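Trainee: The following block contains the structure, expressed as structure tokens.
Please treat every number below as a calculation from the coordinates, not as lab data. Just so we're clear, the structure is a prediction, and the values are computed from it rather than from any experiment. Cβ atoms come from the backbone with ideal geometry, glycine included; neighbour counts cover every protein chain shown.
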Amino acid sequence: MSNQKLDSKVPSGDIADKWEKHKFDMKLVNPANKRKFEIIVVGTGLAGASAAASLAELGYKVKSFCIQDSARRAHSIAAQGGINAAKNYPSDGDSVYRLFYDTVKGGDFRAREANVYRLAQVSNNIIDQCVAQGVPFARDYGGMLTNRSFGGAQVSRTFYARGQTGQQLLIGAYSAMMKEVGKGTIQLFDRREMLDLVLVDGVARGITVRNLVSGEIESHSAHAVVLATGGYGNTYFLSTNAKNSNATAAWRCHKKGAYFANPCFTQIHPTCIPVSGDYQSKLTLMSESLRNDGRVWVPKDKGVKEWNIPEEQRDYYLERIYPSFGNLVPRDVASRQAKFRVDEGRGVGTSGVAVYLDFKDAVQRMGQEAVSEKYGNLFQMYEKITGEDPYKQPMRIYPAVHYTMGGLWVDYNLQSTIPGLHVLGEANFSDHGANRLGASALMQGLADGYFVIPYTIGHFLASHKHPEVTTDHEAFKASANEVRQKSEQLLGIKGKKSPDEFHRNLGKVMWEYVGMSRSAEGLKKAQIEISNLREEFWANVNVIGDPKNKNSELEKAGRVADFLELGELMARDALEREESCGGHFREEHQTAENEAKRNDEDFAHAAAWEYSGQDLKMNWNRHREELNFEYVKLATRSYK
Amino acid sequence: MAGSSAQSINLKLKVWQQRGPKDKGQFLEYDAKNVSTEMSFLEMLDVMNEDLVKQGKEPIEFDHDCREGICGMCSLVINGSAHGKDQAITTCQLHMRRFKDGETVTIEPFRAKAFPVIKDLVVDRSAFDRIIQTGGFVSVSTGAAQDANNLPVGKEKSDRAFEAATCIGCGACVAACPNASASLFVSAKIAHLALLPQGEVEREQRAYGMVHKMDEEGFGSCTNIGACSASCPKEISLENIAIMNREFLRGSLTHRK
């Protein structure tokens, strides 16, 4: 189905000139007029905070919303590894073009070339901006910035601040935001959850939020809405996302008409601490950098429980299968291979659902002190959680859901299919295709917020008429009523199961059938099971407490209700994408050696889903945006 | 499913319950049975809450988010210590293997005049944001930056700035301080930016503004006790408070108007 709403608006001309040309072609808002425009920014992670700060600096009136108690807590803060940029400071052959090339290829040819090129172009400005804000990136003894190679990249282009790069970058963006709050150009609304998008004449003109402290339903109007609310990894219940990360804001926009693109593209990170019991509330990532020195193995024989076994009884399977990349194969490949080993019955630990990541050789080669210098904080974190000492015995690791490449569809201007609604960072779908490279999430969040949206939103504001709209408008009242009714409905069911119980059950279905390996049969089953679970939820959920007070059960229930819908769409998208690419592996589409088999003939497109369901009956129309690869030639990814 | 070293313990919990800012509050007593030692402290509270919900009772509200010790959202005073007795961790990183079978565990909110209780164990820490708004930044607008390597920064200074910048803004320092002073938090930001050339231009007004704002928000004064640093999950050094005092003096001498 083709659809004219899916006009990517990619400018013409050579890829290297598109953004420059577009910046000139876009309309500008007169400096004196900027203060007449109000912009709502939802979310204060890297994308939201950088957008709010930059838009306020330009003179717009910004209203910023987050669910946490402070804008500094968004989950971008947990990113460990680093941020990529094409600075080429080490002079090792990097360039804007190479970063562009690697990102398109790493994404398994399912991203939009023009967006990725722009991302690589502005990557260098991000580093400059962050350093100017006082972000303490690692430096050498000459006082210059140092880089490391990350996630299997052939060049060293990753800037980092020990294992806390996300934190330092977010504090930079947050402080830029606080500077503007102090000036009165940003109004902060913390502990608020966006529960609906308000449209007037088909244009996004505001949001409805719940004040998470007082329980009050509030309406906020604006001339444009920017959504930067992160990904939907928590659909799986267990993931490396923060507990409160959720898809509600994005999902409610989807149900108001924003297309959702490639929902099945989820990234499973290979190195996480395995599940220890049913009470498990989240999974903790161990940085990918550990694979630079750790060796991944399982016993050659099935059912071996002892870790201290002779060399010849160990299968260093990544080194065996991928001799040239070894332990540094991309995330999707490493994850899938771990699953294969566990499925063969060669998993380790009491649960049998883990593989070893061993530092024995690294300690021998570099000495314990050098290992500790490099990975000390990660080893400590592992020990705190598991009670085991990774200097003495191998770490147990297993893949976990980490990032979602899919998200709301946006054009080159980061505008969704709803005029006025712009989507940034992990919440959109545009730059990572079917697989994201390490250290690229931070780059994209900040690129969108600092260097793209400040230009493109001006163009939107300048090229449309904006009739006066206040929160007295009918549309705001209707939205607030709808939100209130939904809360009342949830509180009124008084069933037997907690929202968490439903969420955990959904997670099991998702992980089993829409996880690392997917089949048509499993995906069909998943859709039925999710739909049944959703029906049961609305008949049997128990949401306790007062709507007029802080009520985390009510918060959870609303989010789980949305995950129960989104999960079904993820399964459906995975079913209809008859190929394996990046994080999406279909058992029917693999080579004789169990490698992913892409189908460029039929699937070199982004699938954009339009919601057409009603009440509990979900339905969608699938549209496609064809992806053209003019610069990076379609080729099979091989890491052998 | 649990690892080989997993055991079950029983605990008596005394958990602070307070319906709202104006409510007097009281301890709820709860028997936590068969707690796996592999659980995190917050997972233990999750299980308690799910059980309370099953009994038709309202669960206890507590703040949490990343559950890996970096977002600064979780708080709690556990058996009298902010984030529990262990060194250098947040509450979410505390695991149940640190508790003994039969132990009584007292769980309270961070208590300080500047951190009013919202509900149960949840407090309002927005005073920290307001302090940052008075100077915890470098005034550089997006796009105005020069090339990142134009200004070398010595490794030692850069590393010290980083150490100060690791503050997660959780507020444990305030909860641990008998005076409820925010000096460690404020000094970490002042030191972070004072140690870097990028922060040089605004250093005087930054220190002057932030220290005054801290007083205005109702935090107490620093009397060099050091409980803040001892309870800090990121082990922020007291040295930063010395830097803050120097910077504040400088700021006071040069302050106009």
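Trainee: I need the shape label for segment B:175-219. Rule: rounded when a/c is under 1.5, else prolate if a/b > b/c, else oblate, with a, b, c from the alpha carbon gyration tensor. Numbers along the way, then the final one.
Mentor: Numbers: a/c = 4.93, a/b = 1.87, b/c = 2.64.
Note, shape of segment B:175-219 comes out oblate.
Trainee: Could I ask something else about it? Reachable lysines from A:Lys496, Cα under 18 Å, same-chain residues fewer than 8 places away excluded?
Mentor: Straight-line reach from A:Lys496, under 18 Å: A:Lys556, B:Lys54, B:Lys57.
Trainee: Work out the charge dipole of the protein assembly as shown with +1 on the Cβ of Lys and Arg and -1 on the Cβ of Asp and Glu about the Cα centre, then indicate which of B:Met39, A:Asn599, A:Thr350 is farthest towards its positive end.
Mentor: Result: B:Met39, furthest along the dipole toward the positive end.
Trainee: Sticking with this one: From the convex hull of the Cα coordinates of segment A:270-400, what is the mean projected area in square nanometres? Please report the intermediate quantities before stating the final value.
Mentor: On the way: hull surface 30.6 nm².
The Cα convex hull of segment A:270-400, projected and averaged over all directions, gives 7.7 nm².
Trainee: Between segment B:169-217 and segment B:94-135, what is the separation of their alpha carbon centroids in Å?
Mentor: 20 Å
Trainee: Helix-only mean residue ellipticity at 222 nm, chain B, DSSP H runs n ≥ 4 weighted -39,500 (n - 2.57), per residue, nearest 500. What is it?
Mentor: Working: 8 runs with 85 residues, N = 257.
That calculation yields -10000 deg cm²/dmol at 222 nm.
Trainee: Still on this structure: Using Cβ counts within 10 Å as a stand-in for footprinting exposure, how do A:His422, A:His402 rank, fewest first? Mind showing how you got there, number by number?
Mentor: Working: A:His422 29, A:His402 25.
The fewest-first ordering by Cβ neighbours comes to A:His402, A:His422.
Trainee: Right, another one. I'd like the trypsin sites (Lys or Arg not before Pro) in segment A:441-522 restricted to DSSP loop residues with at most 12 other Cβ atoms within 10 Å, sorted by number.
Mentor: Details: sites: A:Lys465, A:Lys477, A:Arg484, A:Lys486, A:Lys494, A:Lys496, A:Lys497, A:Arg504, A:Lys508, A:Arg518; in loops: A:Lys465, A:Lys494, A:Lys496.
Those satisfying the criteria are A:Lys465, A:Lys494, A:Lys496.
Trainee: Cut-off under 24 Å on the C-alpha distance; same-chain residues fewer than 8 positions from A:Lys9 excluded. Which lysines are left, in chain and number order?
Mentor: A:Lys18, A:Lys21, A:Lys23, A:Lys27, A:Lys105, A:Lys255, A:Lys256, A:Lys465, A:Lys633
Trainee: Another one. Name the most mobile residue of B:Met210, B:Met73, B:Met44, meaning the one with the largest mean-square fluctuation, in a Gaussian network model of chain B with Cα contacts below 10 Å.
Mentor: Sorting by GNM fluctuation, first place goes to B:Met44.
Trainee: Between B:Phe41, B:Phe115, B:Phe99, which gets the highest mean-square fluctuation from a Gaussian network model of chain B, Cα cutoff 10 Å?
Mentor: Top of the fluctuation ranking is B:Phe99.
Trainee: Charges at C-beta only: +1 for Lys and Arg, -1 for Asp and Glu. How large is the resulting dipole of segment A:480-557 about its Cα centre, in Debye rounded to 20?
Mentor: On the way: 14 positive and 12 negative charges, 8 e Å.
Dipole of segment A:480-557, to the nearest 20 debye: 40 debye.
Trainee: Considering only A:Leu491, A:Leu616, A:Phe502, whose Cα is most displaced toward the positive end of the charge dipole of the protein assembly as shown, charges sitting on Cβ of Lys, Arg (+1) and Asp, Glu (-1)?
Mentor: So the residue furthest toward the plus end is A:Leu491.
Trainee: Further, regarding this structure: Please work out the FRET efficiency for the pair A:Ala592 and A:Asp472, using the Cβ-Cβ distance as r and a Förster radius of 56 Å; give the result to the nearest 0.05.
Mentor: On the way: r = 66 Å, r/R0 = 1.17.
It comes out at approximately 0.30.
Trainee: What's the magnitude of the charge dipole for the protein assembly as shown around its Cα centre, counting Lys and Arg as +1 and Asp and Glu as -1 at the beta-carbon? Answer in Debye, nearest 20. Numbers along the way, then the final one.
Mentor: On the way: 111 positive and 112 negative charges, 264 e Å.
Its charge dipole is roughly 1260 debye.
Trainee: What does the convex hull of the Cα atoms of segment B:60-211 come to per residue, in Å³, rounded to a whole number? Spell out each step's value before the answer.
Mentor: Details: hull volume 21.8 nm³, N = 152.
Enclosed volume per residue, from the Cα hull, is 144 Å³.
Trainee: Which residues does a label at A:Glu20 reach in segment A:430-463, if reach means a backbone N under 15 Å from a point 7 Å past the Cα toward the Cβ?
Mentor: Residues passing the 15 Å test: none.
Trainee: Among B:Gly69, B:Gly56, B:Gly143, determine the one that fluctuates most according to a GNM of chain B built with springs between C-alpha atoms less than 10 Å apart.
Mentor: Largest GNM mean-square fluctuation: B:Gly143.
Trainee: When ranked by the protection proxy of mean other Cβ atoms within 10 Å per residue, highest first, what sequence do the peptides B:90-97, B:28-35 form?
Mentor: On the way: B:90-97: 24.2, B:28-35: 14.4.
Ranking, from highest mean packing down: B:90-97, B:28-35.
Trainee: In segment A:240-349, which trypsin sites (Lys or Arg not before Pro) fall in coil by DSSP and have 12 or fewer other Cβ atoms within 10 Å? Could you put the intermediate results ahead of the total?
Mentor: Numbers: sites: A:Lys243, A:Arg252, A:Lys255, A:Lys256, A:Lys282, A:Arg291, A:Arg295, A:Lys300, A:Lys302, A:Lys305, A:Arg314, A:Arg320, A:Arg331, A:Arg336, A:Lys339, A:Arg341, A:Arg346; in loops: A:Lys243, A:Lys256, A:Lys282, A:Lys300, A:Lys302, A:Lys305, A:Arg346.
Answer in residue order: A:Lys302, A:Lys305.
Trainee: Set Lys and Arg Cβ to +1 and Asp and Glu Cβ to -1, take the dipole of segment B:70-130 about its Cα centre, and tell me which of B:Met73, B:Ala127, B:Cys92 lies farthest positive.
Mentor: In segment B:70-130, that residue is B:Ala127.
Trainee: Which value at 222 nm does chain A reach when only helices count, each DSSP H run of 4 or more adding -39,500 (n - 2.57), with the total divided by all residues and rounded to the nearest 500 deg cm²/dmol? Walk me through the numbers before you get to the answer.
Mentor: Values: 18 runs with 229 residues, N = 640.
Calculated from helices alone, the mean residue ellipticity at 222 nm is -11500 deg cm²/dmol.
Trainee: With respect to the cross-link table entries B:Lys14/B:Lys85; A:Lys548/B:Lys24; A:Lys282/B:Lys113; A:Lys243/A:Lys477, which display a Cα-Cα separation exceeding 24 Å? Let's see the in-between values first.
Mentor: Working: B:Lys14/B:Lys85 17 Å; A:Lys548/B:Lys24 19 Å; A:Lys282/B:Lys113 33 Å; A:Lys243/A:Lys477 31 Å.
In this structure, A:Lys282/B:Lys113; A:Lys243/A:Lys477 lie more than 24 Å apart at Cα.
Trainee: The protein assembly as shown: percent of C-alpha pairs farther apart than 46 Å?
Mentor: On the way: 79492 of 401856 pairs.
Looking at the protein assembly as shown, the distances longer than 46 Å represent 20 percent of pairs.
Trainee: A follow-up question, please. With 19 Å as the limit, write out which pairs from B:Lys33/B:Lys119; A:Lys179/B:Lys189; A:Lys486/A:Lys617 have Cα-Cα distances beyond it, or answer none.
Mentor: Details: B:Lys33/B:Lys119 25 Å; A:Lys179/B:Lys189 14 Å; A:Lys486/A:Lys617 16 Å.
Long pairs (Cα-Cα over 19 Å): B:Lys33/B:Lys119.
Trainee: Further question: Classify segment B:8-119 from the C-alpha gyration tensor, please: rounded if a/c falls under 1.5, else prolate or oblate depending on whether a/b exceeds b/c.
Mentor: Details: a/c = 1.57, a/b = 1.12, b/c = 1.40.
Judged from the Cα gyration tensor, segment B:8-119 comes out oblate (a/c at least 1.5, b/c at or above a/b).
Trainee: Among the GluC sites (Glu not before Pro) within segment A:438-506, which fall in a DSSP loop and have no more than 11 other Cβ atoms within 10 Å of their own Cβ? Working shown, then result.
Mentor: Values: sites: A:Glu468, A:Glu474, A:Glu482, A:Glu488, A:Glu501; in loops: A:Glu468.
Those that pass, being in a loop and sparsely packed, are A:Glu468.
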